[in-house]
Amino acid sequence: MINLLEGIAYLHEKGIMHRDLKLENIMVKKDEGKSGKVIPVIVDLGLAEYTGSTKYLYTRCGTPGYVAPEVLRLKSSDPVQTYT
């Protein structure tokens, strides 16, 4: 879990929002080092966007069952409404 949260924190440090984070977009891979541990990998950045982009502020996206309520409450007719 720590590795997953560190991966999300890394994306946020770079100003990237995944926008479709769900179990299906978390894969595991075996560490190629001596430890041989299994580590999580965040995949499918197809809907990712930079947080500084105005495009993401108004676009509803993501898998319907996983979308946050604040995104669903956005009214596409009101360009002033945004989410973070």
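Considering only residues in the range 6-30 that are exposed (fewer than 12 other Cβ atoms within 10 Å of the Cβ) and assigned to a loop (DSSP other than H, G, I, E, B), the one that is modelled with the lowest pLDDT turns out to be G15.
If you go through the range 10-37 and keep only what is under 8 Å from the mean Cα position of the chain (by Cα) and on the phi > 0 side of the Ramachandran plot, you end up with just R19. Would you be able to say whether some residue in the range 65-78 is of a type in the set (S, T, N, Q), closer than 19 Å to Y10 by Cβ, modelled with pLDDT under 80 and loosely packed, with under 12 Cβ neighbours inside 10 Å? No: zero hits. In the condition set (1) of a type outside the set (G, A, S); (2) surrounded by 12 or more Cβ atoms within 10 Å (Cβ to Cβ); (3) at pLDDT 85 or above, E49 is compliant with all but (3). Pairs linking a residue in the range 64-80 that is in a helix (DSSP H, G or I) to a residue that is of a type in the set (K, R) and modelled with pLDDT of 75 or more, with Cβ atoms under 9 Å and 6 or more positions apart or on different chains, are G65/K22; Y66/K22; V71/R19.
The values are calculated or read from the model by the stated rules, or taken from the named source; none is laboratory data. Predicted model only: the values in this text are computed from it and were never measured. Virtual Cβ from ideal backbone geometry, glycine too; neighbours counted across all protein chains shown.
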